[in-house]
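Trainee: Quick one: this structure, given as structure tokens, is what I'll be asking you about.
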Number of protein chains: 2
Amino acid sequence: MSAAPLRVALLGAGTVGRAVARALLERPAELAPTDGSSLELAGIAVRDVERARAAGLPAGLVTDAPAHLVAAADTDIVVELIGGDEPARTLIAAALQAGKPVVTANKHVLAHHGAELEAIARRTATPLRFEASVGGGIPVLGPLATELAGNRISAVRGIVNGTTNYILSAMTDDGSDYGTVVTAAQAAGYAEADPAGDVEGQDAVNKLVVLARLAFGCWLAPGAVATIAADGPGAGRPGITGVTSADIDAARSAGGVVKLIARARRAGDAGSGPIVADVLPTVVPASSELGRTGGVLNRIEVEAVPVGTVAFSGPGAGGDATSSAVLGDLIAIARGLGSTWAGLPPATAAR
Amino acid sequence: MSAAPLRVALLGAGTVGRAVARALLERPAELAPTDGSSLELAGIAVRDVERARAAGLPAGLVTDAPAHLVAAADTDIVVELIGGDEPARTLIAAALQAGKPVVTANKHVLAHHGAELEAIARRTATPLRFEASVGGGIPVLGPLATELAGNRISAVRGIVNGTTNYILSAMTDDGSDYGTVVTAAQAAGYAEADPAGDVEGQDAVNKLVVLARLAFGCWLAPGAVATIAADGPGAGRPGITGVTSADIDAARSAGGVVKLIARARRAGDAGSGPIVADVLPTVVPASSELGRTGGVLNRIEVEAVPVGTVAFSGPGAGGDATSSAVLGDLIAIARGLGSTWAGLPPATAAR
């Protein structure tokens, strides 16, 4: 059997985008669906064409016109790896409107516009997949939607932001204070020049909103996820920005470590109430699996009936690791598996 | 939308079978696929009808004629939870021959007759799913086939047998010798009256063969998986049957613990050689994730390019946990997702 190749438009050529491009260019046979079709790069939209070419991306594929690439007649699938709000939101929406399946790693756009994008995807019966938006290359959204589909999920929790985990690990290991560690993390490339999205917890909030969509069937409002603790480590300031060496020491003397834990659970005795979600610096036992999840590792735990507690762990960021999830989603679309939420009911409003 | 219910024949009513029956009887709405169809128990084949009725299974559903239940005109899907070789093998083959999808937790039948059953399933285009055969309720086969489909997998390894892990954990914690712990484990229900299949490593071998099918695309011969170490803990005897208190002590003094590790990897420098697989008592660092996987927990690690190392952990046995995987497979079949290997090429002979 043989079919026309599925032509993939790649939007964004950062670390993840370059890893995806490399895979599509260098090992197409390994990524080919078994029906005889294949995945083929249609183009790569970048901000700076000359720089992308100098970095080794094929000159004939790069463009600085992402909207044209999405609209091109020979673009079959769109991979959005630009990140952030606009133009990503509009490009994803345009692709779905045109019936072109979308793969994205963009947790911001999903957390803030997920309900709208899901509505478009359902209306146009166009797949939208986003395994890469949570936990980098760790499979977790697919298992929630498929292997765990027979469960009633009561809670999801985990360490989903590598930057803050690196900073807290370094504060714990070195005894350094927050400001010193952030500066070192920026120098080492583990924190961005403007680290606010990570350290104030919004990146973890966005990922938690995506996890909750799969776990609980609703899109939570990111603004409804608490990031400022009333007491405990870092109280009164968002994310880990208020965590002090004294907080770390106090946790240690109680056998604990401070971790930024994202969690969402059904409230109420019978677990049938509203979803309660927060992203807070939390003392966990140093000997627990979450306590031992150090550096840039991620770990996501799912509590459900009848399965009990299952956990997914691995590298939560990085171009290569995250490209695994993007490639898996591309293959899933080629296989006709539909959206990440395929088989689940449409999302309800948050409750 | 509404469709005729999919009628499920349950073969076997042990701990997993009863948990599956309970779910289908008590929460059909939660398990219903979103296309308007539903899953409905068509019958439950048991060895002792009177005992099953006394145990609370619906009198009208139990039968001691599994072959008739499989063949019945109103059976749409077969769930095989009898375990062991025959009659399970013949019942699964008969269902597939008749075009009735099969869900099974039977690692023995898959490891020993997987190639034959895959051939029948492919010839008749009938789904065969078996997530429950490895790791109880932990999602791992599905993620290998789907979320990790863009990777080249270099190794899978893990702790996949709860009985031996419980015994080794108890020997480590209590300092008791092997025989004492086995007797206690039998009394506590953690080891069977005849524990040979667990303690000699064959249960783990069977699970490793199933894992390798998804990871490497071939059915290994169970007999080709080494279970007797030439040296190290328990050397010269199969599985954990040769592990002594002295082995445990020697491991401890080196900062290690003895675990029964199942592993399969591609040999050769470029990872392109034959698959090498073994199930051996192995000293691992006590502080490692595998070293800390105690009691009846399972942990499976997957090494792959580009993702790196991802891990799946949770309860590897038990009726409720394992029923999660069976229910997930039933829902997957109802959703039209096909076999556990759907989207992967047909298995090759072992190499």
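The values are calculated or read from the model by the stated rules, or taken from the named source; none is laboratory data. Quick caveat, the model's predicted, so the values are computed rather than measured. Methodologically, a virtual Cβ is constructed for each residue, glycine included, from the backbone with ideal geometry; neighbour enumeration extends over all protein chains shown. To get the accessible areas, we keep the full protein, side chains included, count just its heavy atoms, and leave off ligands, DNA and RNA. Shrake-Rupley method; radii C 1.70, N 1.55, O 1.52, S 1.80 Å.
Trainee: Assuming B:Gly162 fulfils every condition listed in (1) under 15 Å from the mean Cα position of the chain (by Cα); (2) within 14 Å of chain A (Cβ to nearest Cβ); (3) under 30 Å from B:Pro346 (Cβ atoms) apart from one, which condition is it?
Mentor: Failing condition for B:Gly162: (3).
Trainee: Related question: Of the residues B:Val8, B:Val78, B:Val20, which single one is closer than 30 Å to A:Gly338 by Cα, within 14 Å of another protein chain (Cβ to nearest Cβ) and either open to solvent by 20 Å² or more (accessible area, probe 1.4 Å) or not in a helix (DSSP H, G or I) (or both)?
Mentor: After ruling out the rest, the residue left standing is B:Val8.
Trainee: A further question on this structure: Return yes when A:Gly135 is open to solvent by less than 40 Å² (accessible area, probe 1.4 Å), away from chain B (no Cβ under 14 Å) and outside any helix (DSSP H, G or I) and no when it is not.
Mentor: no
Trainee: Still on this structure, I have one more. Please go through the stretch B:302-311 and give me each residue that is facing chain A (nearest Cβ under 9 Å) and either open to solvent by less than 20 Å² (accessible area, probe 1.4 Å) or on the phi < 0 side of the Ramachandran plot (or both), ordered by number.
Mentor: B:Val302, B:Ala304, B:Val305, B:Pro306, B:Val307, B:Thr309, B:Val310, B:Ala311 - these are the residues of the stretch B:302-311 that are facing chain A (nearest Cβ under 9 Å) and either open to solvent by less than 20 Å² (accessible area, probe 1.4 Å) or on the phi < 0 side of the Ramachandran plot (or both).
Trainee: If you go through the stretch B:276-304 one residue at a time, how many are under 16 Å from A:Ser313 (Cα atoms) and in a strand (DSSP E or B)?
Mentor: Adding up the residues that qualify gives 8.
Trainee: Which of the residues belonging to the stretch B:94-117 are of a type outside the set (Gly, Ala, Ser) and open to solvent by 10 Å² or more (accessible area, probe 1.4 Å)?
Mentor: Correct list: B:Gln97, B:Lys100, B:Pro101, B:Lys107, B:His108, B:His112, B:His113, B:Glu116.
Trainee: Can you say whether B:His113 is more than 14 Å from every other protein chain (Cβ to nearest Cβ) and touching a Lys or Arg at 6+ places or on another chain (Cβ under 7 Å), as far as the supplied structure shows?
Mentor: yes
Trainee: Any residue at all in the stretch A:294-303 that's in contact (Cβ under 8 Å) with a residue 60 or more places away in the chain and more than 30 Å from A:Thr244 (Cβ to Cβ)?
Mentor: There is at least one residue in the stretch A:294-303 that is in contact (Cβ under 8 Å) with a residue 60 or more places away in the chain and more than 30 Å from A:Thr244 (Cβ to Cβ).
Trainee: Here are A:Gly328, A:Gly314: which of them is touching a Leu at 6+ places or on another chain (Cβ under 8 Å), part of a helix (DSSP H, G or I) and at the interface with chain B (Cβ under 9 Å from one of its Cβ atoms)?
Mentor: Criteria check complete, one pass: A:Gly328.
Trainee: Would you check if B:Gly83 is away from chain A (no Cβ under 14 Å), outside any helix (DSSP H, G or I) and without any contact (Cβ under 8 Å) to a residue 24 or more places away in the chain?
Mentor: no
Trainee: Go over the candidates A:Thr126, A:Thr146 one by one and state the one that is surrounded by 22 or more Cβ atoms within 10 Å (Cβ to Cβ) and of a type in the set (Ser, Thr, Tyr).
Mentor: Unique residue meeting the criteria: A:Thr146.
Trainee: Right, another one. Filter the stretch B:339-350 for residues that are open to solvent by less than 20 Å² (accessible area, probe 1.4 Å) and farther than 11 Å from A:Glu147 by Cα; which is farthest from the other protein chains (Cβ to nearest Cβ)?
Mentor: Here the answer is B:Ser339.
Trainee: If B:Thr15 satisfies all but one of (1) open to solvent by 40 Å² or more (accessible area, probe 1.4 Å); (2) without any contact (Cβ under 8 Å) to a residue 24 or more places away in the chain; (3) β-branched (Val, Ile, Thr), what's the number of the condition it fails?
Mentor: Here B:Thr15 clears every test but (2).
Rundown of residues vs (1) in contact (Cβ under 8 Å) with a residue 12 or more places away in the chain; (2) touching a strand residue (DSSP E or B) at 6+ places or on another chain (Cβ under 8 Å), yes/no style:
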{"position": "B:Asp177", "(1), (2)": "yes, no"}
{"position": "B:Thr180", "(1), (2)": "no, no"}
{"position": "B:Glu192", "(1), (2)": "yes, no"}
{"position": "B:Val225", "(1), (2)": "yes, yes"}
{"position": "B:Val243", "(1), (2)": "yes, yes"}
{"position": "B:Ala251", "(1), (2)": "yes, yes"}
{"position": "B:Gly255", "(1), (2)": "yes, yes"}
{"position": "B:Ala262", "(1), (2)": "yes, yes"}
{"position": "B:Gly268", "(1), (2)": "no, no"}
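Trainee: Condition first: within 24 Å of B:Gly223 (Cβ to Cβ) and assigned to a loop (DSSP other than H, G, I, E, B). Now tell me which residues in the stretch B:91-119 satisfy that.
Mentor: Listed by number, the residues that qualify are B:Ala105, B:Asn106.
Trainee: Another one. Take the conditions of a type in the set (Val, Ile, Thr) and within 11 Å of chain A (Cβ to nearest Cβ) and apply them to B:Val284. Does it pass?
Mentor: no
Trainee: Please verify whether A:Ala226 is under 17 Å from A:Arg157 (Cα atoms), away from chain B (no Cβ under 14 Å) and open to solvent by 30 Å² or more (accessible area, probe 1.4 Å), treating the condition exactly as stated.
Mentor: It is true that A:Ala226 is under 17 Å from A:Arg157 (Cα atoms), away from chain B (no Cβ under 14 Å) and open to solvent by 30 Å² or more (accessible area, probe 1.4 Å).
Trainee: I'd like the residue in the stretch B:229-243 that is out of contact with any helix residue (DSSP H, G or I) (no Cβ under 7 Å at 6 or more places or on another chain) and on the phi < 0 side of the Ramachandran plot and, out of all such residues, is most open to solvent (accessible area, probe 1.4 Å).
Mentor: Applying the filter and picking the extreme gives B:Arg237.
Trainee: Within the stretch B:251-271, which residues are surrounded by fewer than 18 Cβ atoms within 10 Å (Cβ to Cβ) and within 14 Å of chain A (Cβ to nearest Cβ)?
Mentor: Within the stretch B:251-271, B:Ala270, B:Gly271 meet the criteria.
Trainee: Further question: Which residues, counting only those in the stretch A:198-213, are more than 10 Å from the chain's Cα centre (by Cα) and open to solvent by 10 Å² or more (accessible area, probe 1.4 Å)?
Mentor: Result: A:Asp198, A:Glu200, A:Gln202.
Trainee: What number goes with the only condition from (1) within 24 Å of B:Gly150 (Cβ to Cβ); (2) within 14 Å of another protein chain (Cβ to nearest Cβ); (3) assigned to a helix (DSSP H, G or I) that A:Arg122 does not pass?
Mentor: (1)
Trainee: Related question: Failed condition for A:Ala321, given (1) closer than 30 Å to B:Ser37 by Cβ; (2) buried (at least 16 other Cβ atoms within 10 Å of the Cβ); (3) among the small types (Gly, Ala, Ser), with all others met?
Mentor: Checking A:Ala321 against (1) closer than 30 Å to B:Ser37 by Cβ; (2) buried (at least 16 other Cβ atoms within 10 Å of the Cβ); (3) among the small types (Gly, Ala, Ser), the one that fails is (1).
Trainee: Can you confirm whether the stretch B:52-74 contains a residue that is in a strand (DSSP E or B) and open to solvent by 20 Å² or more (accessible area, probe 1.4 Å)?
Mentor: yes
Trainee: I would also like to ask the following. Name the one entry in A:Pro274, A:Pro195 that is open to solvent by 40 Å² or more (accessible area, probe 1.4 Å) and at pLDDT below 95.
Mentor: A:Pro274
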